[in-house]
1. Only residues that are basic (Lys, Arg) and free of Cβ contacts under 8 Å to residues at least 12 places away in the same chain: list them for the stretch 277-316, please.
2. Restricting the stretch 179-204 to residues that are on the phi > 0 side of the Ramachandran plot and assigned to a helix (DSSP H, G or I), which is modelled with the highest pLDDT?
3. Considering only the stretch 27-55, how many residues are out of contact with any Gly (no Cβ under 9 Å at 6 or more places or on another chain), within 16 Å of ligand 2 (Cβ to nearest atom), touching a residue at least 24 places away in the same chain (Cβ under 8 Å) and over 18 Å from ALA79 (Cα atoms)?
4. Is it the case that the stretch 123-140 has a residue that's over 24 Å from CYS23 (Cα atoms) and within 16 Å of ligand 1 (Cβ to nearest atom)?
5. Name the residue, out of THR115, THR213, THR180, THR194, that is closer than 30 Å to LYS40 by Cβ, in contact with a Cys (Cβ under 8 Å, 6 or more places away or on another chain) and among the polar types (S, T, N, Q).
6. Could you please find all residues in the stretch 78-122 being under 19 Å from LEU222 (Cα atoms), of a type in the set (A, V, I, L, M, F, W, C) and within 16 Å of ligand 1 (Cβ to nearest atom)?
7. Select from the stretch 12-67 the residues that are within 16 Å of ligand 1 (Cβ to nearest atom), part of a loop (DSSP other than H, G, I, E, B) and of a type in the set (Val, Ile, Thr) and write down the one among them that is surrounded by the most Cβ atoms within 10 Å (Cβ to Cβ).
8. Of the residues that make up the stretch 155-168, is at least one in contact (Cβ under 8 Å) with a residue 12 or more places away in the chain, within 13 Å of ligand 3 (Cβ to nearest atom), touching a Ser or Thr at 6+ places or on another chain (Cβ under 7 Å) and not acidic (Asp, Glu)?
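The values are calculated or read from the model by the stated rules, or taken from the named source; none is laboratory data. Just so it is clear, the structure is predicted and the values come from calculations on it, not from any experiment. Cβ placement follows ideal geometry from the backbone for every residue including glycine, while neighbour counts extend to all protein chains displayed.
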Amino acid sequence: MAYNLKEVVANKPSRFTAGHRMCAGCGAPIVGRMVLRALKPEDHAVISCATGCMEVSTFIYPYTAWTDSFIHTAFESTAAALSGVEAAYNSLKKQGKLPEDNHTKFIAFGGDGGTYDIGIQSLSGAMERGHDMVYVCYDNGAYMNTGIQRSSATPRFADTTTSPAGKVSPGKLQPRKDLTKIMCGHHIPYVAQTAPVNNFKDLYEKSEKAIYTKGPAFLNVLAPCPRGWGYPTDELMDINKLAVETCYWPLYEVIDGRYVINYKPKNKLPIEEFLKPQKRFKHLFKPGNEWMIEEFQKEVDDRWNELLSLEELTNKQA
Ligand SMILES: Cc1ncc(C[n+]2csc(CCOP(=O)(O)OP(=O)(O)O)c2C)c(N)n1
Ligand code: SF4
Ligand SMILES: [Mg+2]
């Protein structure tokens with residue numbers, strides 16, 4: 001796309017404002033701000049946001065960091081509530097009860113607990129019904145707001161308060177659920193996985209596509225958490241980069257069923273590079289635990305190779 005991202009961003013007022021109470025070094029507010037930056041300034045948005053760090057730290061009555069309309073929803077109904085608002089909007093438009101020049105976009109935000117686990121049924125339903133909305137999952141890999149409990153997005157072997165690493169257990173036992181893949185199975189027009197890397201270009205462009213693609217769209221965005229992951233707050237952007245360079249978190253999009261991998265590292269880094277700076281994986285580096293790193297690496301490699309095959313296959317079919 002021929003434009004200067006810095007200029008575009010500088011010329012648009014932030015719709016997710018300063019003064020929220022999320023921690024320093026948190027990935028989630030960056031995700032919220034950048035997704036909303038992709039809106040055209042003349043367009044209005046209705047946001048539906050599940051309980052979680054992003055909601056409780058940004059919308060503390062009577063204060064709010066959101067400049068668009070905002071609905072605080074229960075975990076299990078984030079997508080359902082927004083799909084209802086979208087249907088009502090379409091009806092009012094049809095009845096001529098809204099001005100012709102009213103352009104409203106519908107965007108849901110949920111954490112991994114609220115999306116991979118508790119809200120998955122209403123998300124699946126809203127996507128399948130074909131509502132013109134975007135669901136954004138900010139994935140920090142645990143229920144952070146309530147004290148770092150494991151979710152189905154938590155990677156294997158991570159130390160959390162409900163999957164503690166110690167003599168009895170190696171940390172979380174189960175592999176991480178692949179929600180992006182599940183969303184691809186809905187055969188919706190646009191699904192993408194992204195992270196705040198490369199000056200936000202990937203995140204901004206995918207947000208723009210998701211918002212302005214007609215029909216349902218889903219974005220899974222990596223959103224590291226210094227409290228839960230145990231990295232120094234000033235290393236947020238390094239952690240994002242390592243997640244991408246090791247292929248732990250590949251950047252890809254699926255447009256009408258066709259896979260496009262947006263970045264293929266020339267030298268894929270070993271997974272240790274991503275694990276080492278995080279306290280939640282500290283035990284993996286103890287003598288005798290090398291097998292955990294080997295298994296972690298194998299899972300990353302298998303998923304990356306599967307993605308490469310899907311890209312090849314779906315592009316052949318296109
Ligand atoms: C149905 C329901 N179960 C549990 C809770 C308590 N609760 C509030 S925030 C939260 C954690 C949310 O985790 P996630 O969605 O991953 O967001 P994060 O806090 O990590 O940003 C939980 C369990 C709730 N509000 N509603
Ligand atoms: S606990 Fe983690 S996810 Fe929640 S605001 Fe703090 S850094 Fe962000
Ligand atoms: Mg979470």
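1. Quick first cut of the stretch 277-316, residues basic (Lys, Arg) only: 279-280, 282, 286, 298, 303, 316.
Within the stretch 277-316, LYS286, LYS298, LYS316 meet the criteria.
2. So in the stretch 179-204, the residues on the phi > 0 side of the Ramachandran plot come out as 187, 198-200.
From the residues that got through so far, the ones that are assigned to a helix (DSSP H, G or I) too are 198-200.
Values: ASN198: 88, ASN199: 87, PHE200: 93.
Residue satisfying both the conditions and the ranking: PHE200.
3. So the count comes out to 5.
4. Residues of the stretch 123-140 that are over 24 Å from CYS23 (Cα atoms), as a first pass: 123-134.
When the remaining residues are screened for being within 16 Å of ligand 1 (Cβ to nearest atom), the result is 123.
Within the stretch 123-140, one or more residues are over 24 Å from CYS23 (Cα atoms) and within 16 Å of ligand 1 (Cβ to nearest atom).
5. Details: THR213 fails: in contact with a Cys (Cβ under 8 Å, 6 or more places away or on another chain); THR180 fails: in contact with a Cys (Cβ under 8 Å, 6 or more places away or on another chain); THR194 fails: in contact with a Cys (Cβ under 8 Å, 6 or more places away or on another chain).
Only one candidate qualifies: THR115.
6. Selection gives ALA108, PHE109, ILE118, ILE120.
7. THR58
8. So far as the stretch 155-168 goes, yes, one or more of its residues are in contact (Cβ under 8 Å) with a residue 12 or more places away in the chain, within 13 Å of ligand 3 (Cβ to nearest atom), touching a Ser or Thr at 6+ places or on another chain (Cβ under 7 Å) and not acidic (Asp, Glu).
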